[in-house]
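Note sheet for the following structure.
The values are calculated or read from the model by the stated rules, or taken from the named source; none is laboratory data. Here the structure is a predicted model, which means the values were calculated and not measured. Cβ atoms come from the backbone with ideal geometry, glycine included; neighbour counts cover every protein chain shown.
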Amino acid sequence: MARKPDSVDLATAGAAPLAALTALAALDALELSEGANVLVVGACGGVGSFFVQLATAAGANVVAPAIPEEDREYLGGLGPCEIIDRNADVAAHVRDHYPEGVDALLDLVSPTPDGSLLKEGGRLASPLGAAGEGPGRTNLMASPTTANLERLAQLLEAGKLRVPIQRTYPLEQAGTALESLAATHTQGKLAIAIA
């Protein structure tokens, strides 16, 4: 447990932890440095939205497969991103623009991330257990320790991380919220209000 920052409303604080802690774990695992190129597959979702903010704050160049006409403004609001049309050949685009490969890959959606897009020594992370094993491969999960929650609280309180909530559902529509999460393209978090 950790104290909710006074400046952060309850809905925002409630919507942040699981996805934001996973994004922080990804940031730590990928060890991004200033100018690093990181491909983020699933950048518009909950974890991806937090990670884009964290990665750009670390000085990384974020490359994000997305739906350009729908997501350009949204992702741009999180941090500068190079948008690739996710319905095009993403791998071909990455190979054309980053012939040596990208420094890091965070894949939040694929059961088999394309590690061939990484430069030699590149790092790959996945919360789906799909990163593989070996050097530079990390299978992530949120770690809600007091220290991690306090780290998140500090970022929220300082305004260094914002919680994009696409839509809030009342508790009686929780089933509808889960169906929407699985069936529609989301930008950020879907929240369920208990009271």
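The residues of the stretch 115-130 that are more than 14 Å from GLU100 (Cβ to Cβ) and among the polar types (S, T, N, Q) amount to a single one, SER126.
Residues in the stretch 171-178: is at least one of a type outside the set (Lys, Arg), surrounded by fewer than 17 Cβ atoms within 10 Å (Cβ to Cβ) and in a loop (DSSP other than H, G, I, E, B)? No - not one qualifying residue is present in the stretch 171-178. Just one of the listed residues (LEU21, LEU39, LEU27) is touching a strand residue (DSSP E or B) at 6+ places or on another chain (Cβ under 8 Å) and modelled with pLDDT of 95 or more, and it is LEU39. Among the residues making up the stretch 1-30, those that are within 21 Å of ARG137 (Cα to Cα) and not hydrophobic (A, V, I, L, M, F, W, C) are THR22, ASP28. Taking first residues from the stretch 102-114 that are over 19 Å from GLY46 (Cα atoms) and partners that are outside any strand (DSSP E or B) and among the β-branched types (Val, Ile, Thr), the Cβ contacts under 9 Å between residues at least 6 apart in sequence or on separate chains come to VAL102/VAL94; ASP114/VAL90; ASP114/VAL94.
Flag not set for ARG72, criterion: more than 18 Å from GLY42 (Cβ to Cβ) and surrounded by fewer than 18 Cβ atoms within 10 Å (Cβ to Cβ). Taken over the stretch 147-195, the residue count meeting the criterion of being of a type in the set (A, V, I, L, M), without any contact (Cβ under 8 Å) to a residue 12 or more places away in the chain and closer than 20 Å to VAL109 by Cα is 4.
Check LEU181 against each of (1) surrounded by 17 or more Cβ atoms within 10 Å (Cβ to Cβ); (2) at pLDDT below 90 and name the one condition it does not meet. That leaves (1) as the condition not met.
Would you mind stating whether ASP96 is touching a helix residue (DSSP H, G or I) at 6+ places or on another chain (Cβ under 7 Å), over 20 Å from VAL47 (Cβ atoms), modelled with pLDDT of 95 or more and among the charged types (D, E, K, R)?
no
Note on the stretch 106-158: residues that are over 30 Å from MET1 (Cβ atoms), charged (D, E, K, R) and modelled with pLDDT under 95 amount to 1. Within the stretch 124-155, the set of residues being touching a Ser or Thr at 6+ places or on another chain (Cβ under 7 Å) and buried (at least 20 other Cβ atoms within 10 Å of the Cβ) comprises ALA125, PRO127, ALA131, LEU140.
Those residues that are farther than 18 Å from GLY48 by Cβ and surrounded by fewer than 12 Cβ atoms within 10 Å (Cβ to Cβ), I need them from the stretch 95-111; list them, please. Listed by number, the residues that qualify are ASP96, PRO99, GLU100. Across the stretch 12-56, what is the number of residues that are of a type in the set (Asp, Glu) and either touching a residue at least 40 places away in the same chain (Cβ under 8 Å) or not in a helix (DSSP H, G or I) (or both)? Qualifying residue count for the region: 2.
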